[in-house]
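First the structure, in the form of structure tokens, and then the observations on it.
The values are calculated or read from the model by the stated rules, or taken from the named source; none is laboratory data. Quick caveat, the model's predicted, so the values are computed rather than measured. Neighbour counts are summed over all protein chains in view; Cβ atoms, including those assigned to glycine, are modelled from backbone coordinates with ideal geometry.
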Amino acid sequence: MKIGGRREQRNAQRGGALSITRPFALMPAPTTSNLGRNPALRLKSRLRRRNVQDWKPAQDVSEFGCQNDKRNTPLREDIDLALMNAGIRSNRELSPELLIGIYRTMLRIRRFEERTAALFVEGVVKGTAHSYIGEEAIASAVCANLRKDDYVGSYHRGHGHCIAKGASLHKMMAELMGRATGYCGGLGGSMHIASLELGILGANGIVGAAMPLCTGAALASKVKGTGQVAVAFFGDGAANQGVFHESLNLASVWKLPVIFICENNHYALTTSFRTSTSIERIADRASAYAMPGHRVDGNDVTEVYETVREAIAHAREGGGRA
């Protein structure tokens, strides 16, 4: 699938950062670009990213039992076994129905963003519009775990989160065009789409604003005993805001059912992550607040889905810090 624009290409190649805090903090790690159709190359890349040293290149295909494979590539079952032995989840752990549903959501996000970008160039979209192209797997996999009454909070690049949570494409596009039929009556625009009946607390132009909003929503859920969870999406730039630390601290102190997900594409607009952040992994900051932090591949749907599923299950049980 062709990806337009240098910014979008960078997003697609780098993925995001998922820091799960159950209070979890999830940070998707940098991802590789398309490695072609050879499953051996894709497997080798996944193992390398996880510092698995004892896996040989696919040249010796006999170790996979593929001596007679004319394509000279390992069989699907062999790949699954190698992934399992390396502690890496396989797509085959998820049902075909679930995978198709997630893929459909990803495609809806991509098509919506492509159309929005074209309309923005034409001057039809009112205000600005920040694209979510290249990060579709994160929102799609995360929201596939959520109930309709669960909460999500987004940021300026929020179209994908809204679509993954079930927002109407028609009402979203109407909002972007400033029409009264939009989610906010055409007054909010791209960065302020909200729908309380879907649990969408709103995208936000204020850096990091989703974190305190979702912390408050999680507090309300705990007080009322509804079993709802809140998911706060934010970028790597927001991880350097004071509200990041305040929200994680309160979430940990009060043992709230909130999950913080940092989509780390390595650039806060034009500011490099490496020149503005003192640590290599944003997820490591979770330990300062006695909560677990996990770094996952933001383009690996299975890894994102399973990690978030475990965090949400723990949150619903009211277990406090995970």
Out of the residues in segment 195-205 meeting the condition of being in a loop (DSSP other than H, G, I, E, B) and modelled with pLDDT of 95 or more, tell me which one is nearest to HIS130 (Cα to Cα). LEU201
Selected residue [at pLDDT 90 or above, touching a Gly at 6+ places or on another chain (Cβ under 7 Å) and small (Gly, Ala, Ser)] from ALA288, ALA311, ALA232, ALA239: ALA232
ARG115 versus (1) basic (Lys, Arg); (2) part of a helix (DSSP H, G or I); (3) closer than 20 Å to GLY199 by Cα: which is the lone unmet condition? (3)
Just for segment 123-144: of the residues that are without any contact (Cβ under 8 Å) to a residue 60 or more places away in the chain and surrounded by fewer than 21 Cβ atoms within 10 Å (Cβ to Cβ), which one is farthest from LYS224 (Cα to Cα)? GLY123
Do we find a residue being touching a strand residue (DSSP E or B) at 6+ places or on another chain (Cβ under 9 Å), over 22 Å from ILE138 (Cα atoms) and surrounded by fewer than 19 Cβ atoms within 10 Å (Cβ to Cβ) anywhere in segment 199-218? yes
Can you name every residue in segment 259-287 that is free of Cβ contacts under 8 Å to residues at least 12 places away in the same chain and assigned to a helix (DSSP H, G or I)? ARG274, THR275, ASP284, SER287
Only one of (1) farther than 20 Å from PRO212 by Cα; (2) touching a Lys or Arg at 6+ places or on another chain (Cβ under 7 Å) fails for ASP300. Which number is that? (2)
Could you say which residue among ILE206, ILE193 is out of contact with any Cys (no Cβ under 6 Å at 6 or more places or on another chain) and within 30 Å of THR271 (Cα to Cα)? ILE206
Checking the condition on the phi < 0 side of the Ramachandran plot, in contact with a Phe, Trp or Tyr (Cβ under 6 Å, 6 or more places away or on another chain) and among the hydroxyl-bearing types (Ser, Thr, Tyr), which residue from TYR155, TYR151 passes? TYR155
Among the helices (runs of 4 or more DSSP H) lying completely within segment 121-193, list those that include at least 3 residues that are within 14 Å of ALA232 (Cα to Cα). 136-143, 159-164
Does segment 145-161 contain any residue that is surrounded by fewer than 24 Cβ atoms within 10 Å (Cβ to Cβ) and among the small types (Gly, Ala, Ser)? no
Within segment 164-176, considering residues that are out of contact with any Phe, Trp or Tyr (no Cβ under 6 Å at 6 or more places or on another chain) and crowded, with 18+ Cβ neighbours inside 10 Å, the one nearest to ARG110 (Cα to Cα): ALA164
Answer with yes or no whether SER154 is within 17 Å of PHE260 (Cβ to Cβ), at pLDDT 95 or above and hydroxyl-bearing (Ser, Thr, Tyr). yes
